[in-house]
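The values are calculated or read from the model by the stated rules, or taken from the named source; none is laboratory data. None of these values were measured; they are calculated from a predicted model. Every residue, glycine among them, receives a Cβ derived from its backbone with ideal geometry; neighbour counts consider all protein chains shown. Accessible surface is based on the protein model in full, side chains and every heavy atom, while ligands, DNA and RNA are left aside. Shrake-Rupley method; radii C 1.70, N 1.55, O 1.52, S 1.80 Å.
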There are 2 protein chains.
Amino acid sequence: MPMDANAPIEVTAMAWVPRGARGQVRDMRVRWALEEAGLSYRTRLIDKREHPECDTAQPWAQVPVYREGDITMFECGAIALHIAEKSEALLPRDAVGRATAITWLFAALNSIDPMQQCLTFARFLGAGQDWADGVRGAVIPALEGRLVRLSQRLGDKDWLDGRFTVGDLMMVATLRTPPKGTLAMPDNLAAYIERGEARPAFQAALAAHLADFLPDEESVPA
Amino acid sequence: MPMDANAPIEVTAMAWVPRGARGQVRDMRVRWALEEAGLSYRTRLIDKREHPECDTAQPWAQVPVYREGDITMFECGAIALHIAEKSEALLPRDAVGRATAITWLFAALNSIDPMQQCLTFARFLGAGQDWADGVRGAVIPALEGRLVRLSQRLGDKDWLDGRFTVGDLMMVATLRTPPKGTLAMPDNLAAYIERGEARPAFQAALAAHLADFLPDEESVPA
């Protein structure tokens, strides 16, 4: 359903990013949550090449910013939780299910993502420099160790706590971030990512996310 | 108030860590939240030298695990939010204040902490290796840039949104993690950290956290 110019919810997104980043900018996670919850939204697109500060409500000059009436939020995790509070499709109503879903939401963002961010720093800030190999050699084994443990927790279940929650949304969004082949991914986690990406809400969010970008002009420097 | 062997809330903590880690293990953040909320808790102490898997409810073989009736949680951010839901001392009841506090909670854990974790990897995994200097040279400027932006958002206020919330608790806990002198800390952020550490609830949590450790025997390898 979602894109609606008159919707009360507004999400900022980038008007242009290099091809390799498309599908991964973090408004994608917010759009996915909104689609799962069945909530319409409008977007405000920002061309960072012209507005390097982005939306000043976002202190790190990034997207997304989420606006809904008097509420202004940033941080995809905070926004995803806020949306999840509105819909049992993302957050179970019982206390145990709720606590478990929120635990996995934070686990994605504070126990998996930081190691991946470290690899991202190496890839971009360390491009062509020897130290980037040192980082990869140290961080990849540590991260793969966590993936094995996560794989054990998932087991043969479809989702981390049996049914899909905002915790799975963020875990799948996190696990699908590194370029394919960067990490040894246990089979059941690879299937878990595919299962997440196959959800109609993910596909609708991805289509809307991609459709909002200006054409990728190869002549424009990344 | 807090430590009470009969309390319904249980928090796991380490029975022993090297001296340099004392005051920083993440049960400290949960204890602080419980003290702010005025909730009693009991601890279950685990000696990781004898039980390397720690509490198996924690998938990364770490602490804390939080138990309360049927609820079992890990991830300090998820637990802090769960506690904050119980007390207006940590989470404003109005929608805007609540959304803002939760935004800062996630900002600490997903926009500041990952860069710091990258420096921690360099410090421990890269000790004595050239690549650790490369990481520091790339990540410290990026992180210090965020600290400047955070400093601008704090301005001359005592707390990020005027009054103390769970967002400040996690931001202070995050900012106080790197060894002193690692980062150029803007003056108002340095004062903000001191203000957080001066709170009676922080001091009570720190005293209980430190009191739970076995003696630091220098002969035991870290």
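Some points to look at:
- Screening A:ASP113 with (1) without any contact (Cβ under 8 Å) to a residue 40 or more places away in the chain; (2) within 25 Å of B:PRO141 (Cα to Cα); (3) not in a loop (DSSP other than H, G, I, E, B) gives one miss only, at (1).
- Segment B:182-215, subset aliphatic (A, V, I, L, M) and touching a residue at least 60 places away in the same chain (Cβ under 8 Å), residue surrounded by the fewest Cβ atoms within 10 Å (Cβ to Cβ): B:LEU210
- Scanning segment A:61-73 turns up one or more residues that are of a type outside the set (A, V, I, L, M), within 14 Å of another protein chain (Cβ to nearest Cβ) and surrounded by 24 or more Cβ atoms within 10 Å (Cβ to Cβ).
- For segment B:9-40, the set of residues classified as at positive phi and under 14 Å from the mean Cα position of the chain (by Cα) consists of B:GLY23 only.
- Counting only residues that are over 29 Å from B:VAL148 (Cα atoms), assigned to a strand (DSSP E or B) and open to solvent by 10 Å² or more (accessible area, probe 1.4 Å), segment A:33-60 holds 1 of them.
- Residues being in a helix (DSSP H, G or I), buried (at least 20 other Cβ atoms within 10 Å of the Cβ), facing another protein chain (nearest Cβ under 8 Å) and in contact (Cβ under 8 Å) with a residue 12 or more places away in the chain are entirely absent from segment A:84-99.
- Residue within segment B:146-159 that is more than 14 Å from chain A (Cβ to nearest Cβ), closer than 17 Å to B:ILE102 by Cα and not basic (Lys, Arg) present: yes
- Segment A:127-181, residues that are open to solvent by 70 Å² or more (accessible area, probe 1.4 Å) and in a helix (DSSP H, G or I): A:ASP130, A:ASP133, A:ARG136, A:PRO141, A:VAL148, A:GLN152, A:ARG153
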